[in-house]
Protein chains: 2
Amino acid sequence: MKFTKTDKKQVLKFIAIGDSVTKNLTIYEYGEDIIAVDFGIGFPEGDDHGVDYIVPDMTYLLENSHKVKGLFISHAHADHFAAVPHLLQQLNVPIYANRLTQEYIKLQFNEKQFKNLKNETQFHLFNASTEPIQLGAFKVSAFNVNHSVPGSLGIAIDTPEGTVLHLADYKIDESPVIDSVIDLKKIEEYGNKGVLCMASDCLGSKTPGFVGTESSLNETFPDLFRQFPNEQLFITTISSNISRMHQIIGAAIDAGRKVVPVGRSIDQSIKIARSLGYLPYGEDAFLDVKKAFEKNQKDIVYMIAGCFGQQGSSLSRVSTGEHARVTLNPGGIVIFSSEPNPPGVDVDVEVVIDNVILRGGEVIDHRDRDDLHVSGHGHKDDLLKVASLAKPKYFIPIGGSINHIHSYTKMVEKIGVKQHQVFELLEGDVVEFSDGDARKGKRLEINDILIDGKSLDPIVVKDREKLATDGLFAVIVPVSSETRKVMGKVDVVTRGFVYVKESKELMGKSKDLVNKILNKSGNTVTDWSNVKHKIEKDLQKFLKKETGRHPLVMAHSIFV
Amino acid sequence: MKFTKTDKKQVLKFIAIGDSVTKNLTIYEYGEDIIAVDFGIGFPEGDDHGVDYIVPDMTYLLENSHKVKGLFISHAHADHFAAVPHLLQQLNVPIYANRLTQEYIKLQFNEKQFKNLKNETQFHLFNASTEPIQLGAFKVSAFNVNHSVPGSLGIAIDTPEGTVLHLADYKIDESPVIDSVIDLKKIEEYGNKGVLCMASDCLGSKTPGFVGTESSLNETFPDLFRQFPNEQLFITTISSNISRMHQIIGAAIDAGRKVVPVGRSIDQSIKIARSLGYLPYGEDAFLDVKKAFEKNQKDIVYMIAGCFGQQGSSLSRVSTGEHARVTLNPGGIVIFSSEPNPPGVDVDVEVVIDNVILRGGEVIDHRDRDDLHVSGHGHKDDLLKVASLAKPKYFIPIGGSINHIHSYTKMVEKIGVKQHQVFELLEGDVVEFSDGDARKGKRLEINDILIDGKSLDPIVVKDREKLATDGLFAVIVPVSSETRKVMGKVDVVTRGFVYVKESKELMGKSKDLVNKILNKSGNTVTDWSNVKHKIEKDLQKFLKKETGRHPLVMAHSIFV
């Protein structure tokens, strides 16, 4: 008897497309069904070469578009939802998200390039109160977790291979300001029924203890308003932290100050949060920024965008005196209610602080008092508590750098988890589950999409990198369009390379080198791309030897 | 009676040329006499565009070269001495420094560009034991302070206007590892005799308490060697921290491991420190890196350069597997005995850490234990203690950002110092002292010298900035060398700008724009620089409108 057809066993695939600290995207696949969790933007680290933000690689979703049943968003942070419009332009996938996230996404549809999405997109309400959603092989439900934006969700995915808990950014907050407490009981129930795998936030896996509750800052702002009853005050925080805004607005009202939102992100967040009932304050709690200058400054408080010192942000412009409507007075105080030492942007923050001081202002930040911020990411004890309740067979730490991911592994090893139970994944890594076991699958190649207003080709960015470090060295070869003979003289142009006056000799030698190559082909260019390649290669080598630099070398023929 | 000649009163000038966290240079001037304190390099912050380091503006010293009597170096850190050869190339000024600093400077003379300085430079030994040095109106002497490099000096400058204490980087270390305790008694003596002004380190002015002693780490390294008796170990620290090296080497010997220096800076520091007796260890304590691979890894410890994750450093290359001689084994441990969250380079450090983990290694840093590093800069209580002993009439906080400088002011205000007694200076600011009073003088314009192997013109860097962010847009116009008529077709080349395939229309429109300008001048180019300017200006405006970008626009004519 011959078996010509095998009943290929289905496997559950966990595909880490964009899993790093930002730019989140996870794909779950089983047979003919795919669901995705989160679709957020990433941020360039270090030298950005004009890249504004990064969109996760959507190739796999597009190539398997017939399978894609839905996209679930865990919470309303840009690194978890803000790339959604880019996906929707290519694939009309139903979006499952809470009200807050939906509102933020709809806000993006006001941008010219996304206007067409407004009517086409199918939004489905998805939160801890909605019924489980069956999409092919997947049954998906949500439970509450805590984080620095309200309504953050843990996601439970029932699959034919077992239950997966997907816990993106979270912490345990026993007394949140405007949110529900994390549903540890639900996690425990899943744990008792059996969890195949838990994908878990790992950003705090190096920090001991519990991270603590947002309400530990309840007294911070009343105290600051008491301490500075007559001063001009600016408070800056991240615009999605609605709970923090709630504390600031409440304290401002008690202190007899009206809140002046400054900056589009802050303004929009307040509007959305008020419309959804997160901020139960009337119109009279606020003052339009246009009217702020005519008020006595001790009667208002500016809630201003730009807590990470972002260039072009409202706070950055105020700090340099370039803001059209808001002026920092001498003695004015800027309070940073935000993450200390934000990675990658610490220099920007320090620039803003220095500029505030130069304008005669004062700064209060984490170095002055430690009750200005509490993180939304659980520390070791938060993460361990959840792990011990969920008791998953396998762990996949997500939402962190390699360092955080590895620290999570070491952390759970201390509570008896074995190394083979934890998958440390890089972008493109795949874990396959079948018959209760798990193994790494074949890795996908990942190509991020770089956005600087419009999408950028990776070659463009690579060129910019070279130009940024060592400048341009261009050779122009005039060629007769009739005879293909080299006409006149080869010319050399440099920009950002070396100070030209000091380098006449170098230019001369470079021209000689090019002329020699042209001579070899009888000063006739029939196959320019070959000659071009030879010129660029030889010049690169020559310039490296002479100057130790790697400028972008570009040979260009012009037909005359 | 007519006064035709006035006896102009002499003033003492304090000129802050390069005072920031790095790139230190202070000039003291009285009448026909100038002395300078420190001449260090600075580091670019954020995007560096290929700038390796920055040299302080030496214009004032060169313009007044006949007055310059000597340069005093406070301690052997690159940001206080490493620009000296650049000055010496222009001005043969006598150098007053301790032995260690002299050795480091002489090391720089091995570089090709500085070879000529070897025999010409006059070094004078200057430390707490040498006699006061009279140079014109100045009598200069030194006293011991503590810092993260041995032999660090406070400098006392007696002038006709009174005594100035110049305390660059310092802390109070009651039990230094290989150094003398800071001479608080001497500072008190000066204070009792009367101090006109104290220039003081201010980097720790936001941090409460005393910073603590270097010997608090005495048990760290023995403990680590005990904890990991069989592991491959790498310890990275800054190469000038000889006291830290002393602790590491001592602990290594006790643990039966030989020390393998990896990286030129570490290698050279060890050689110099041994030659001066700072590291009292014989040849047998060390092992050449060439022989390290054949040893059992548990019998050696790598002391490796690159604790800030510097690209190209030994540690960075080991972390990516690109080091020619040293391989990180799985399970190998990299220990960072260095500053936590180094400003501006935190991303680089995290990249190295991630790469170490990717190669199967482990990392121990400040997040794992808090006894891996102690700063060389005094905290509030160090600074206040010194201030209360010196009791200067005027304060000039130095060696910090605007934020640190201003915090120093607020700190001393709390011990009764009045605002007018503290001068918060920016680069180029001048303070003038006469008759016991002080006021700000006319500010000097400062132009840093940017170095990337050889000196860089500011225009070059500016071009790189544009190229880095938005790329290049070049227009090439072929012109007959005989008739000056435009020949053939105008061509457009872009690099790092937009993906060319997507922008044919834009290229076409740009060519039209250029052709129109050329048409207006009858397609004849007699005054190219005017036409060039017009093309570049109009194209910049056009491209900004069409793409929102500011590429470097370059029009170039080629004669055929």
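Summary table
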{"read-out": "Lys, Arg +1 and Asp, Glu -1 on Cβ, resulting dipole of chain B about Cα centre, debye, nearest 20", "value": "1980"}
{"read-out": "Per-residue mean of C-beta atoms belonging to partner chains within 10 Å, peptide B:351-357", "value": "4"}
{"read-out": "Vicinal HN-Hα couplings computed from phi for segment A:471-477 (Karplus, 6.51 cos²θ - 1.76 cosθ + 1.60; Hz; Gly/Pro x)", "value": "x, 10, 10, 10, 10, 10, 10"}
{"read-out": "Centroid-to-centroid separation of segment B:500-551 and segment A:142-169 [C-alpha atoms, Å]", "value": "55"}
{"read-out": "Exam field: B:L91 pseudo-label spacings to other copies (7 Å along Cα-Cβ), nanometres", "value": "6.6"}
{"read-out": "³J(HN,Hα), Karplus 6.51/-1.76/1.60, whole Hz, each residue of segment B:514-527, x for Gly, Pro", "value": "5, 4, 4, 4, 5, 4, 4, 9, x, 6, 10, 10, 9, 10"}
{"read-out": "Farthest positive-ward along the protein assembly as shown dipole, Cα basis, beta-carbon charges - from B:G136, A:V145, B:L203", "value": "B:G136"}
{"read-out": "For A:L233, residues with placed amide H under 5 Å, excluding near neighbours", "value": "A:Y302, A:I333"}
{"read-out": "Members of B:K13/B:K414; A:K67/A:K414; A:K393/A:K462; A:K544/B:K106 lying beyond 32 Å, as alpha-carbon distances in this model show", "value": "A:K67/A:K414; A:K393/A:K462"}
{"read-out": "Other-copy label distances relative to A:K489, 7 angstrom Cα-Cβ extension, nm", "value": "2.7"}
{"read-out": "Residue among B:A555, A:T526, A:I155 farthest towards the positive dipole end of the protein assembly as shown, charges placed on Cβ", "value": "A:T526"}
{"read-out": "Unit charges at the beta carbon, dipole of the protein assembly as shown: most positive-side option, A:T59, B:P222, A:S275", "value": "A:T59"}
{"read-out": "Within segment A:38-137: Cβ-based charge dipole about Cα centre, in debye rounded to nearest 20 (Lys, Arg +1; Asp, Glu -1)", "value": "580"}
{"read-out": "Cα-centre dipole for the protein assembly as shown with unit charges at Cβ (Lys and Arg positive, Asp and Glu negative), debye to 20", "value": "3580"}
{"read-out": "Hydrodynamic radius by Kirkwood, which averages 1/r over all alpha carbon pairs of the protein assembly as shown, in angstrom", "value": "33.1"}
{"read-out": "Interchain or long-range residues, amide H under 5 Å from B:G151's placed H", "value": "B:S180"}
{"read-out": "Average beta carbon contacts from partner chains per residue of A:470-476, 10 Å cutoff", "value": "6"}
{"read-out": "A:L276 paired with B:R369, simple spin-label distance in nm, labels 7 Å along Cα-to-beta-carbon", "value": "4.6"}
{"read-out": "For A:Q113, label point 7 Å along C-beta direction: distances to other copies, nm", "value": "4.2"}
{"read-out": "Calculated FRET value between B:D381 and A:N92, using beta carbons and R₀ = 51 Å, to 0.05", "value": "0.20"}
{"read-out": "Where A meets B: accessible area buried, both sides, 1.4 Å probe, Å²", "value": "5400"}
{"read-out": "Helix-derived mean residue ellipticity, 222 nm - over chain A, DSSP H n ≥ 4, -39500 (n - 2.57), to 500", "value": "-8500 deg cm²/dmol"}
{"read-out": "Straight-distance crosslink candidates among aspartates and glutamates, where the alpha carbon sits under 19 Å from A:K440 and sequence neighbours closer than 8 are dropped", "value": "A:D19, A:E29, A:E161, A:E424, A:E427, A:D429, A:E432"}
{"read-out": "J(HN,Hα) series, segment B:406-418, from Karplus relation 6.51 cos²θ - 1.76 cosθ + 1.60, nearest Hz, glycine and proline x", "value": "5, 5, 4, 4, 5, 5, 6, 4, 5, 9, x, 6, 8"}
{"read-out": "Efficiency of FRET between A:N230 and B:E482 - r from beta-carbon atoms, R0 56 angstrom, step 0.05", "value": "0.10"}
{"read-out": "Listed pairs A:K466/A:K537; B:K511/B:K545; B:K115/B:K290 exceeding 21 Å between Cα atoms", "value": "B:K115/B:K290"}
{"read-out": "Accessible surface, per residue, of the protein assembly as shown when the full set of protein chains is kept, probe 1.4 Å, Å²", "value": "42"}
{"read-out": "Peptide-level mean, for B:365-375, of C-beta atoms on other protein chains within 10 Å", "value": "1"}
{"read-out": "Relative packing of peptides A:112-124, B:265-277 - highest average C-beta neighbours within 10 Å first", "value": "B:265-277, A:112-124"}
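The values are calculated or read from the model by the stated rules, or taken from the named source; none is laboratory data. All of these numbers come straight from a predicted model, not from anything done at the bench. Cβ coordinates were reconstructed from backbone atoms using ideal geometry, including for glycine residues, and neighbour counts include every protein chain displayed. When the accessible area is computed, the model is the full protein with side chains, heavy atoms only, and any ligands, DNA or RNA have been set aside. Shrake-Rupley method; radii C 1.70, N 1.55, O 1.52, S 1.80 Å.
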